[in-house]
Every structure is written in structure tokens, then in C-alpha cells.
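Beneath this line is the structure, given in C-alpha cells, with notes to follow.
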Amino acid sequence: MVGNDSGASGNQSLALSPGRRRFLRGAAGVCLASTVGIGSVGATKSSPGDERWRVDFGNSDSLSGPSLSPVVDGSLFVNNTDAVHALTASTGDEEWQFGVGETRLLDSPIVSDGTVFVATDVPFGSETQDESDTSVYALDAATGTQEWQFDAYEQSVAPLVVADDTVFIPGQFCVYAVDAATGDQRWQFEVGYGVEDGLTVSDGTLYVGDSDGNVFAVNVATGEEAWRFDVGMRLTTELTVADGTLFVGAMSDAEQQPAGADLQYYISALDGATGDERWRFTLDTATGEDDPGIVSPRLEFVTVVDDTVFAGSDECYGNSSACSSLYAVDATTGEETWQFEASGSVDTMTKANGTVFAGTALGRAGDGIVHAVDADTGTEVWNFNAGNLLASPVTVVNGTLFVVSRIIRSTEPEFEDAYRLNALDAATGDEKWQFVAERDIDPPRFADDTVFLSADYTTVHALDAGTADPNEETETDDTERSADGDESAASRSNADEDSAGETANDESNESRSESEGNESATAPVAADDTESDDGSENPEDEMPGMGIPAAVTSLGGVGYLLKRRLERFDSDDS
């Protein structure tokens, strides 16, 4: 086992102030107020980590900034607080923008079949707040012209999903299905109190969980319930579909267990067509101690890669091997293949080239450690201390691992932190380069040997990723040409999420697979943001099973969850 530590201590010289970041060498233009300033390096030869261009949106909102789509047909779509922008991915030049007035854009844009879909809500306490809390806009991807607008009368609680020519809007009490071409409502389906951890679509069925512990299968064409399954107390992971099986992570309450038994934390494999439980894998929480402490290894994600289910468990305030672990389980039988005990809550993972990369402390207190684990044996190959916490899923692109982390610069006399994008050699864990921002870095996107990221709540940067194969001229995994909603076109997964490995933070499902580096996920992300028409994957990377919606939205879901976690940290530190 090789240990690498690149925490803030000993690396303070790399955490430079704004305008002096080590790898921002281009003389990029910066604009004022809400205008967009473009600085382009153009054809200038760059090295890994160098800035190719940047766009400064001049935001005054300190808690949210630009949110990025995957690159589609050479364009990067950006949700800034009050406008959608289309940028040329190679130069940063603005193609068009669409304003949404005093409302606020949510999550990342979703691009499908030549249309950009975005959701807005009205900030709490706004004078413009009325009976419509959430609006969804469909915009022509080439021109930015509005195609339609749909107003929902409850707040959206999770990112949109686009699949089967339908836009699915998760509200607090209902899921709305809207025709993707016209914006006409097809049906609405009532759940319990709130959609739990997003939606996924596969083979004409929408799968959704609610906060009451129910999983529903809904016919996409009619909105009729096909079946439901009671998981017990509540779902703890996003839903994942692979080969006709729905995988969920859940916990059941004491009343459903034998007398005196603890809570049960488990993975359930359900028949996607009938809802019948095929198998259940339960974490062993026994400690053999009279006072084991609080043993609550809730599952943080469940994702499927090839024929293996991977799941990560939370850390506990007690002594149990079930806590802070990465599990590999046979997807057909439910038998454990191996268990790896990590350094903290296992919140994200991706797989590439026979190695599973697991990250701890995603958007939560604790050391953000990346563990590289042999996919066949569960043996650790190397680990890397990325900082105080991870702020993005783990993504692998052409042999380079990317992850965003929070680093602590100092605690005295005043607390000072920063955010860092780490680029590591996936084989060894050695650092290749890094990029540091003062206040925030959202989960990045990848295309054509470029890393696209939003930093400091105001600026979009395009950096040389250093992932190009010098012997080949091919587009990188992150480029999404046309996500048309066909599940076959998106076999990427939670990782979509934007990646070319398999991600788990969030998310693996056929429907996601059709996604996550979410992912999503909370879901994972692997090596790129690309979704090609034929659904082909990067030959070097493997991704978990998901679906197009998942692929397109996994990072959006991850960003949604991370924003909630990280905003809590910001408020706690202030």
C-alpha cells in the first residue's frame, strides 16, 4: 500500500490568492456586474492545468454560482443564478443567453434532442412569489429561443429527469410528467411526503422513492402505478437499475425486526417488472460488545458496474466493521465478494481499468481520502489525502483521476479555507497538477482534453486536462452529442455523470446508465461527461448501470446534495 498525503499543510504555497493561481496563466478577460467576460487562450499551446479560457459572471450571490451541463455538440450550457448561457466549449465565446427574471435557476441544464431544459424557483420571501413555486423552461439549444414553459404548483425537490420524450419534475408531493416537445402535462403521480433522492427511468417505467419508505414503479405512458415496495423506515440511496433489476439501499425500523434487534441496513434487489424482492444483503452490525456505541452504517450509495453491486456505508460512533466500508456484492446472487474498510464514510466511487476508486467525506466533516482498491480482491493499492472533505465525486478520465476537495489553510488567528481540484495519476496516486479557488469549486465536466469547472461562485474556467492520448486524435469521453432520451444512448451511469468510469455517488441505473463522475449519487462519477449517440463507452473506463436521465442529471443531483451539505459548512464556519 502506498500512502500519499497532499493536505493543506506543506502545500500552502500552492493555495494562491485570486488572480495568482498556479495554473491560470492565460490573460483572461474579466467582466463587471452581470456581463460575461471571455478570455480565450485559443490555439496557444498549453500544459496540463493551464487555463484555456475563463468567463466571469460577476455574481453577487455568495451561495450559488454557475452550474454546468455536459458538453453537447461543441457547446457548454451554464445555469447562472438568473440566466442560462450557451458557451462555445473550445473558446468560451457566448452563443446566446436566456434570462429568467427574478426567479432562480436550479441545478444544471439538461440537454436532450436539441433542447435545453432548466428549472427555476422563486427565492423564499421574494416579492414576486406567487402560487407557482417551480417553472420548467424548454429552450432551443442552437438559438436559446423559448419553446415552452411549464409551471408546477409546488417546489421541486430534486433535479429534473428527461427520458422517453418526457420531462419528469419531482415535487414535494407529486411527480409531474410533461411532454418534452410541447410542455403539455401528461399526468401527475402522488407520492408520500417528498421524493426521496431523485428519479430514474428504464424500459418504460419510472421508479421513484418517497420519504415514507415506499418505492413506486409507474408506467411512463399512463402514469398508472405498476407496483410499490415498502423498504421499512426509509431509503438511504438513489435508485439504480441494471439488467431489469432495481437496486436500493435502505434501513428498516426496529418494529420490523425480531425483538431486541438493531436497525437493519441493507441492499435490496427488486424485480423491475413486478417489484418482487430477488435478494437482500444485510450489513452485519454485530460487535460482540456490551456497549458498542451508536452503530448506524447507513448506505450512502448503491451502484452497479458489470455484474457487481458496489455500496458505501457511513461512519459510525461505535465499533463495527460495517461502518465506513465499501462493499462489492454479486449482482445476481447477493453474495458478498469483498469488503474494504475505509478511513471514513464512503460516499462516492468509480471504477476504471480494474481498480475501484472510493472517496470519503463527500460534503461532510472529515478527511477526504481517495482509496484505490483492486476490483477483484478489495485490496488497497494506494490512498491519497485530498483535504478536509471531498466536494465532488471521484472521476477518472484516460488514466487521470479528478476530485475536488476542501483544504484548511489556517485556523488561527482566523479560520481560512479554500477549494482544490486535484489531478492524480490513477495508477499510482501521484499528483499531476492542481487548481485552487478561494471559495468553491463545483463538480467538473470533461470534454476534448478539457476540464470545465465553476469556481468562486462566479467564474467558469476551462483548463487543459492533460488527458489526451498523444498517439490518437479522438474526442474525450465527456462530450455529449445528443442525449435524446433513449436509454440505449446512455449507458453511462451515475457518473455521467460526466465521466468515463463508473461513479457512485450518487447513481447507477440502466436509466442512469443511459449518467455518473453521480454521479450521480449521491452517486458516483467516472471519466467523462459525454454521451454519444451509440451509447458506446470509453474503452478504458467502465461505468455503473444507469440510464440517460441519470447520466444527464447525475451530476446535477450530486451538485444538489453537495450544495446542501457545503452550505451548512459555510454557515457553521462563519
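The values are calculated or read from the model by the stated rules, or taken from the named source; none is laboratory data. Remember, predicted model here, so these are calculated numbers, not experimental data. Cβ: placed from backbone, ideal geometry, glycine included. Neighbour counts: every protein chain shown. Quick note on the areas: whole protein, heavy atoms, side chains included, nothing else; ligands and nucleic acids left out. Shrake-Rupley method; radii C 1.70, N 1.55, O 1.52, S 1.80 Å.
Looking at Thr337, Thr348, Thr308, Thr303, which one is over 23 Å from Thr395 (Cβ atoms), at pLDDT 90 or above and among the hydroxyl-bearing types (Ser, Thr, Tyr)? Residue meeting the stated conditions: Thr337.
Consider the stretch 78-126 and keep the residues that are part of a loop (DSSP other than H, G, I, E, B) and among the polar types (S, T, N, Q). The one that is most open to solvent (accessible area, probe 1.4 Å) is Ser90.
The set of residues in the stretch 323-334 being assigned to a loop (DSSP other than H, G, I, E, B) and at pLDDT 95 or above consists of Ala331, Thr332, Thr333, Gly334.
Each row is one residue, and each column tells you yes or no for (1) in contact with a His (Cβ under 9 Å, 6 or more places away or on another chain); (2) surrounded by 23 or more Cβ atoms within 10 Å (Cβ to Cβ); (3) at pLDDT 95 or above; (4) hydrophobic (A, V, I, L, M, F, W, C).
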| residue | (1), (2), (3), (4) |
| --- | --- |
| Phe173 | no, no, no, yes |
| Ala181 | no, no, yes, yes |
| Gly198 | no, yes, no, no |
| Tyr207 | no, yes, yes, no |
| Val218 | no, yes, yes, yes |
| Trp227 | no, no, yes, yes |
| Met233 | no, no, no, yes |
| Ser252 | no, no, no, no |
| Tyr265 | no, yes, no, no |
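Residues considered: Asn383, Asn422. Of these, the only one that is open to solvent by 10 Å² or more (accessible area, probe 1.4 Å) and in a strand (DSSP E or B) is Asn383. Inclusion of Pro393 among residues that are part of a loop (DSSP other than H, G, I, E, B) and open to solvent by 10 Å² or more (accessible area, probe 1.4 Å) is not warranted.
Output yes when any residue across the stretch 444-453 is surrounded by 22 or more Cβ atoms within 10 Å (Cβ to Cβ) and at pLDDT below 95, and no when none is. Looking for residues that are surrounded by 22 or more Cβ atoms within 10 Å (Cβ to Cβ) and at pLDDT below 95, one finds none in the stretch 444-453, hence no. Within the stretch 324-341, the only residue that satisfies the criterion of being open to solvent by 50 Å² or more (accessible area, probe 1.4 Å) and more than 23 Å from Glu277 (Cβ to Cβ) is Glu341. The set of residues in the stretch 342-352 being surrounded by 21 or more Cβ atoms within 10 Å (Cβ to Cβ) and outside any strand (DSSP E or B) consists of Ala342, Gly344, Ser345.
Within the stretch 312-322, is even one residue outside any strand (DSSP E or B), under 21 Å from Ala250 (Cβ atoms) and open to solvent by less than 10 Å² (accessible area, probe 1.4 Å)? Scanning the stretch 312-322, I find at least one residue that is outside any strand (DSSP E or B), under 21 Å from Ala250 (Cβ atoms) and open to solvent by less than 10 Å² (accessible area, probe 1.4 Å), so the answer is yes. Within the stretch 353-368, the residues that satisfy the criterion of being crowded, with 24+ Cβ neighbours inside 10 Å and either in contact with a helix residue (DSSP H, G or I) (Cβ under 6 Å, 6 or more places away or on another chain) or assigned to a strand (DSSP E or B) (or both) are Val356, Phe357, Ala358, Gly359, Thr360, Leu362, Gly363, Gly368.
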